[in-house]
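Visitor: Quick one: the structure is below, and I'll ask about it shortly.
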Amino acid sequence: MLGRFEITALYDGAQAVDLVKLLDEPPTNTEVALKSEFLENPVPTSVNAFLINTGSRLVLVDTGGAEFFGGRLGKLQSNLRAAGYEPDQIDDVLLTHMHRDHIGGLVLNGARAFPNAMIHADRRESDYWLSKDNLDKAPDGAKARFQSVVASLTPYIDAGRYQPFETDSEIIPGIRSIRSYGHTAGHTAYAVESEGQLLWLTGDEIVAAAVQLANPEVATAFDTDGAAAATTREHMLENAAKQRALIGAAHLPFPGLGHIGTRGAEWQWVPLDYSAAAP
């Protein structure tokens, strides 16, 4: 519980991610950082989404990867049902950004997976990914990313169920967007607040905690603007620690809920104790 809001972490699956290739960092540095955290490359990496029950609306933040990743992802629908909800009950879907492991679950078998939901994302994000000019200019290896956004959003756009927003705005009472540009053109975090309790859903601001908490300046191959992503990450870490906000992270080990603390000069991920949810 977050004040009056119920927060449910939903597991979509995990992928083995080659961090040596993904991170803009000397391979030896990455390998040393992983070893210090008892990890081996490639690193199993969770894909998490979050459901917010405000009491009057059901709001899903991100949708997992579904059909775009074969059998590795696509567990969100079954886990949503395991939590006691049906896809047609979702009122709103908020997207942190439009990479396939966050939007893939919008569509199943060509149809809207959440038929009654309004989809929300930063206007800069959809303007970038839906641009035919950007598609035409993209390298051949990157064109599929644009095409997957078109495939995922078009059924909602055609149904009048896509509503882009301007940055730093209240989307739903108690939930507001926070610009966190860099990883993508319109990457967005969401601040969820109820009865003075605060949760930040941060998307891909942290992808490789073993490296990026010690060195927030380390960018990834999927960052649109690595320098901007690093600045955003440092700002988020500083403010999360200062405000003691609960963090919900898309790619930290499931359930991806915890706090940002410090260990010497480095940031530290402090997972939420499961007993915190006990009555």
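Visitor: Past 31 Å, Cα to Cα, is the threshold; run K75/K242; K21/K137; K35/K75; K35/K137 against it and keep the listed order.
Guide: On the way: K75/K242 35 Å; K21/K137 24 Å; K35/K75 29 Å; K35/K137 39 Å.
Among K75/K242; K21/K137; K35/K75; K35/K137, the Cα-Cα distance tops 31 Å for K75/K242; K35/K137.
Visitor: Protein chains only, probe 1.4 Å: how do D18, D122 rank by accessible area, largest first? Walk me through the numbers before you get to the answer.
Guide: Working: D18 55, D122 5 Å².
Listed by decreasing accessible area, they come as D18, D122.
Visitor: What ³J(HN,Hα) values, in whole Hz, does the Karplus curve 6.51 cos²θ - 1.76 cosθ + 1.60 give for segment 154-160 when θ = phi - 60°, with x put for Gly and Pro?
Guide: Taking θ as phi minus 60°, the curve returns 4, x, 7, 4, 4, 8, x Hz for segment 154-160.
Visitor: Through the Karplus equation 6.51 cos²θ - 1.76 cosθ + 1.60, θ set to phi - 60°, convert the phi angles of segment 23-39 into ³J(HN,Hα) values in whole Hz; use x for Gly and Pro.
Guide: 8, 7, 8, x, x, 4, 4, 5, 4, 5, 5, 5, 4, 5, 9, 6, 10
Visitor: Out of [x] 65, 47, 37; [y] 52, 50, 34; [z] 47, 43, 36, which label holds the value of Cα extents along the principal axes in Å that was computed here?
Guide: [y]
Visitor: Still on this structure: Pop a pseudo-label 7 angstrom from the Cα along the beta-carbon direction at both A144 and E266 and give the gap in nm to one decimal.
Guide: Distance between the two pseudo-spin positions: 3.4 nm.
Visitor: Would you mind telling me the share, in percent, of accessible area of segment 9-50 contributed by carbon and sulfur at probe 1.4 angstrom?
Guide: That share works out to 55 percent.
Visitor: Hey, another quick one. Applying the Karplus parametrisation 6.51 cos²θ - 1.76 cosθ + 1.60 with θ = phi - 60° to the phi angles of segment 51-59, what ³J(HN,Hα) value in whole Hz is obtained for each residue in order, glycine and proline being reported as x?
Guide: Going residue by residue, I get 10, 10, 9, 7, x, 10, 9, 9, 10 Hz, with x marking Gly and Pro.
Visitor: Using the heavy atoms of the protein chains and a 1.4 angstrom probe, tell me the accessible area per residue for the chain in square angstrom.
Guide: Details: 12800 Å² over 279 residues.
Normalised by residue count, the accessible surface of the chain is 46 Å².
Visitor: If ligands, DNA and RNA are left out, what is the accessible area of M1 with a 1.4 Å probe, given in Å² to the nearest 10?
Guide: It works out to around 150 Å².
Visitor: Ignoring ligands, DNA and RNA, please state the percent of accessible area on segment 132-279 from carbon and sulfur, probe 1.4 Å. Don't skip to the answer; put the middle values down first.
Guide: Numbers: 3760 of 7050 Å².
Of all accessible area on segment 132-279, carbon and sulfur atoms account for 53 percent.
Visitor: Based on the Cβ-Cβ distance of S78 and K137, what FRET efficiency does E = 1/(1 + (r/R0)^6) give at R0 = 35 Å, to the nearest 0.05? Mind dumping the intermediate values first?
Guide: Details: r = 39 Å, r/R0 = 1.10.
Calculated value: 0.35.
Visitor: Could you tell me which GluC sites (Glu not before Pro) in segment 98-174 are loop residues by DSSP with no more than 10 other beta carbons within 10 angstrom of their beta carbon? Provide the component values of the computation, followed by the final result.
Guide: On the way: sites: E125, E166, E170; in loops: E166.
Filter output for segment 98-174: E166.
Visitor: Another question about this same structure. With a cut-off of at most 12 other beta carbons within 10 Å, and DSSP calling the residue loop, which trypsin sites (Lys or Arg not before Pro) in segment 1-101 qualify? Please list them.
Guide: Details: sites: R4, K21, K35, R57, R72, K75, R81, R100; in loops: R4, R57, R72, K75.
Here the trypsin sites (Lys or Arg not before Pro) that fit, given the DSSP loop and packing criteria, are R4.
Visitor: For segment 202-279, run through the trypsin sites (Lys or Arg not before Pro) and keep only the ones in DSSP coil with at most 11 other Cβ atoms within 10 Å of their Cβ. Before the final figure, lay out each step's value.
Guide: Details: sites: R233, K242, R244, R263; in loops: R244.
Hits after loop and neighbour filter: R244.
Visitor: Still on this structure, please answer the following. What net charge is computed for the residues neighbouring D122, neighbours being all others with C-beta under 13 Å from the C-beta of D122, Lys and Arg scored +1, Asp and Glu -1? Could the numbers behind the result be given before it?
Guide: Numbers: positive: R123, R124, R176, R179; negative: E125, D127, E166, D168.
Local charge sum for D122: 0.
The values are calculated or read from the model by the stated rules, or taken from the named source; none is laboratory data. Nothing here was measured: the structure is a model prediction, and the numbers come from that model. Because the Cβ atoms are built from the backbone with ideal geometry, glycine has one as well, and the counts that use them run over all protein chains shown. Keep in mind that these areas ignore ligands, DNA and RNA; they rest on the heavy atoms of the full protein, side chains included. Shrake-Rupley method; radii C 1.70, N 1.55, O 1.52, S 1.80 Å.
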